[in-house]
Amino acid sequence: MKKRFKGVLTWGLCIVQTLIILGGSAGCAARTDGAARQEQPASNETRQEQLPASQVQSETQAQNTEKTAPNAGGQISLDDAKTAALTDAGVMASDVRYTKEKLDYEDGIAVYELEFYAGNAEYEYEINAETGAVYSKDIDVHQVKTEHGHYGGSEQNDIGAEQAKSIALAQAGFAEAEVTLLQCEFDVDDGQTVYEVEFIKDGRQYEYKISALDGSILSYEMD
């Protein structure tokens, strides 16, 4: 009888231990599942925090694209550029023969490059494609020798450096006090005596070639 009771007691203890073990496993599983559920919102919060950052990056890229995209429709036409050049040169369109018409970029600025002849002068212009302003120009006057062997007329005395500077400044529309680094040098160009006048105004350099015989402007350039 005692042995039977002892066996039943032992069997009962085994059942209790088994239930305790099973209960502990279930509790661990419940706690693990609860922890996972608690961590999941944090993961969702992380994704929610990353989403605005992605949107900000996309918006930044879009803004950069807008800044670097060309200003479509903001440029003047080729005809407008021609009009600006001819107006500055003081010549009529009917007297002009074009040798170059091209849209190009100069130091990142869109410009129309125009080259043309009018009379005995050769013109080279760069017109700002956005504003229509003269970006740079170069004008060469090709003079013909006379029967006296001189260019541009009869024999005359040398006009002198001061007169050459005055002619260049008057053509540019500046007083001598308004310019800097004013220089004037006597030279012989293709057998012709000339004065080369250079000066700077508002950061732009002006170069002139003045005939030493009669004071005519043989060429000038603004850059």
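Throughout, read-outs are computed from the coordinates displayed, never taken from laboratory work. Given the structure is predicted, the values throughout are model-derived calculations rather than measurements. Here Cβ is always computed from backbone atoms with ideal geometry, including for glycine, and neighbour counts include all displayed protein chains.
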FRET efficiency estimate (nearest 0.05) - Cβ-Cβ, Leu103 to Ala161, R0 41 angstrom: 0.50
Qualifying GluC sites (Glu not before Pro) for region 103-141 [loop in DSSP, other Cβ within 10 Å: at most 16]: Glu130
Set Lys102/Lys137; Lys100/Lys201; Lys137/Lys209; Lys102/Lys201 screened for pairs whose C-alpha atoms are more than 25 Å apart: Lys100/Lys201; Lys102/Lys201
Check: region 148-223 dipole with +1 on Lys, Arg Cβ and -1 on Asp, Glu Cβ, in debye: 200
